[in-house]
Amino acid sequence: MTKHNRKAAQRPAGALLCAALAVTGMTAIARADDTPAPPVPPGDPALIITLQTENDLVGRTDRNYTAGLRLGITLPTGVMPAFVSTAGRTLMGDGIQRLSLDLSQTLFTPKDTSATVPNPRDRPYAAVLTSQFNLVHDTDRTRTLLGLGLGVLGPAAQGENLQNGFHNLIRESTAKGWAYQIENMPVVQFVGARIWRLPVLGDAAGGLEVDVLPSVSAAVGTWRDYAQVGGQIRIGQGLKTDFGTSRISPGLTGADAYTPTREFVWYVFAGVDGQAVAWDATLDGNEFAHGPHVNRNWFVGEMEAGVATIWHGMRFSYTHVFQTQEFRGQRGGLFQFGSFTVAARF
């Protein structure tokens, strides 16, 4: 049995482990919050458009997860097919519901992008282009997301054109090894997440509010199988406006939906998460074919901090992320990248 066949055979067990970890984390947090269910918040008639960019430029590097772009469209509450609404309420109970669509492109490169033939022990070149459809279900204290992602990983995702085209534009050297990127494969991802919003301090202390956002999430698919447990702490004003800032998955994300509770909303935040990763095609390579790959680490940790503001319906946020090594032999200590988001309500 070849190495890739052995990895393929191990995937069902790994996916089950990820799912088990997610259920364990969700159960533990739910038991800590056994108070009666809070009331359902009012609906939101706004259409929300989100633009997001993530890049390792803030760490003065050009490697690993080097760039991400995302366009998000979140529909007003209740605008969805009846069968989707019924299924959501059957699974998650009472709450307000909305649909969102994400279009995203993410790029991954090795450390030495000047080499024509990449180091086989470093992260392979890879690009992923996906569209993801999400059902967002809110109560006053929780947000649940169920999503389906469809797309492609490989040359068809146009990673080389985006990276080298941008480098040509800013007159920087281009990446030379894209000819050795991971080959085309379809992306099908099923994603689920739950976020709890737990107030710690109201606005009595000089107008400041404090809350914590514990969360669990998991995904199974051809791109990445993982389970994640984490949380954030926030300090600011108007914290009931959202469930935290958004990120390109995986990572701590509160999704794009927000409803301002005051004219000017602001908060600072810090968070940590841990991911159990059973499969990552950008590291493990093509599942049933020989090609570039490295030995993936099973566990990845992240720390993040940032700031968010909402003014006249516009949301701006910045998140700085520190990430542990994703594969054996990865160098450079904690990897870091920044995530900037701007969103508007219509």
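Within the stretch 146-162, the set of residues being surrounded by fewer than 18 Cβ atoms within 10 Å (Cβ to Cβ) and in contact (Cβ under 8 Å) with a residue 40 or more places away in the chain comprises 148, 158, 162. Residue 326 falls short on exactly one of the conditions (1) more than 24 Å from residue 225 (Cβ to Cβ); (2) in contact (Cβ under 8 Å) with a residue 60 or more places away in the chain; (3) crowded, with 20+ Cβ neighbours inside 10 Å, and that condition is (1). Considering 305, 278, the condition of being surrounded by fewer than 21 Cβ atoms within 10 Å (Cβ to Cβ) and under 17 Å from the mean Cα position of the chain (by Cα) is satisfied by 305 alone. Against the numbered list (1) farther than 30 Å from residue 142 by Cα; (2) part of a strand (DSSP E or B), residue 62 comes up short only at (2).
Can you tell me which residue within the stretch 109-134, out of those that are assigned to a loop (DSSP other than H, G, I, E, B) and in contact with a helix residue (DSSP H, G or I) (Cβ under 6 Å, 6 or more places away or on another chain), is surrounded by the most Cβ atoms within 10 Å (Cβ to Cβ)? By that ranking, first place goes to 125.
Have a look at 165, 251 and point out the one that is modelled with pLDDT under 95 and either touching a helix residue (DSSP H, G or I) at 6+ places or on another chain (Cβ under 8 Å) or in a helix (DSSP H, G or I) (or both).
Details: 251 fails: either touching a helix residue (DSSP H, G or I) at 6+ places or on another chain (Cβ under 8 Å) or in a helix (DSSP H, G or I) (or both).
165 is the lone residue from the list that is modelled with pLDDT under 95 and either touching a helix residue (DSSP H, G or I) at 6+ places or on another chain (Cβ under 8 Å) or in a helix (DSSP H, G or I) (or both).
When the stretch 83-108 is filtered for residues that are at pLDDT 90 or above and either under 19 Å from residue 251 (Cα atoms) or in a helix (DSSP H, G or I) (or both), the ones remaining, listed by number, are 100, 101, 102, 103, 104, 105, 106, 107, 108. Inspect the stretch 309-319 for any residue being under 23 Å from residue 132 (Cβ atoms), modelled with pLDDT of 95 or more, among the aliphatic types (A, V, I, L, M) and buried (at least 22 other Cβ atoms within 10 Å of the Cβ) and give the result as yes or no. Within the stretch 309-319 (the criterion being under 23 Å from residue 132 (Cβ atoms), modelled with pLDDT of 95 or more, among the aliphatic types (A, V, I, L, M) and buried (at least 22 other Cβ atoms within 10 Å of the Cβ)), the answer is no, since none of the residues qualifies.
Restricting attention to the stretch 259-286, the residues being assigned to a helix (DSSP H, G or I) and among the hydrophobic types (A, V, I, L, M, F, W, C) number 2.
Can residue 115 be described as of a type in the set (Gly, Ala, Ser) and either over 22 Å from residue 293 (Cβ atoms) or free of Cβ contacts under 8 Å to residues at least 24 places away in the same chain (or both)? Criteria not met by residue 115. All of (1) surrounded by fewer than 22 Cβ atoms within 10 Å (Cβ to Cβ); (2) within 17 Å of residue 265 (Cα to Cα); (3) modelled with pLDDT of 95 or more hold for residue 207 with one exception: (3). For beta carbons closer than 8 Å, sequence separation of 6+ or different chains, a first residue in the stretch 72-98 that is closer than 24 Å to residue 130 by Cα and in contact (Cβ under 8 Å) with a residue 40 or more places away in the chain and a second that is in a loop (DSSP other than H, G, I, E, B) and of a type in the set (Val, Ile, Thr), the qualifying pairs are 97/77; 98/77; 98/79. Taken as a whole, the stretch 334-346 holds at least one residue that is in a loop (DSSP other than H, G, I, E, B) and either aliphatic (A, V, I, L, M) or modelled with pLDDT under 95 (or both). Of all the criteria given as (1) farther than 23 Å from residue 273 by Cβ; (2) β-branched (Val, Ile, Thr); (3) part of a strand (DSSP E or B), the one not satisfied by residue 174 is (3). Within the span defined as the stretch 273-281, every residue fails to be closer than 20 Å to residue 130 by Cα and at pLDDT below 95.
Among the candidates 77, 106, 66, the residue that is in contact with a Pro (Cβ under 8 Å, 6 or more places away or on another chain), under 26 Å from residue 147 (Cβ atoms), surrounded by 20 or more Cβ atoms within 10 Å (Cβ to Cβ) and hydroxyl-bearing (Ser, Thr, Tyr) is uniquely 77. Screening 300, 307 for residues that are without any contact (Cβ under 8 Å) to a residue 40 or more places away in the chain and outside any loop (DSSP other than H, G, I, E, B) leaves exactly one candidate, 300.
Residues checked against (1) out of contact with any Ser or Thr (no Cβ under 9 Å at 6 or more places or on another chain); (2) surrounded by 21 or more Cβ atoms within 10 Å (Cβ to Cβ):
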| site | (1), (2) |
| --- | --- |
| 202 | yes, no |
| 217 | no, yes |
| 228 | no, yes |
| 240 | no, no |
| 245 | no, yes |
| 258 | no, yes |
| 262 | no, no |
| 269 | no, yes |
| 289 | yes, no |
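Here the condition is being touching an Asp or Glu at 6+ places or on another chain (Cβ under 6 Å) and either closer than 25 Å to residue 287 by Cα or assigned to a strand (DSSP E or B) (or both); of 72, 151, it holds for 72 alone.
The values are calculated or read from the model by the stated rules, or taken from the named source; none is laboratory data. Since we're looking at a predicted model, the values are computed, not measured. So basically every Cβ, Gly included, is an ideal-geometry build from the backbone, and we count neighbours across all protein chains shown.
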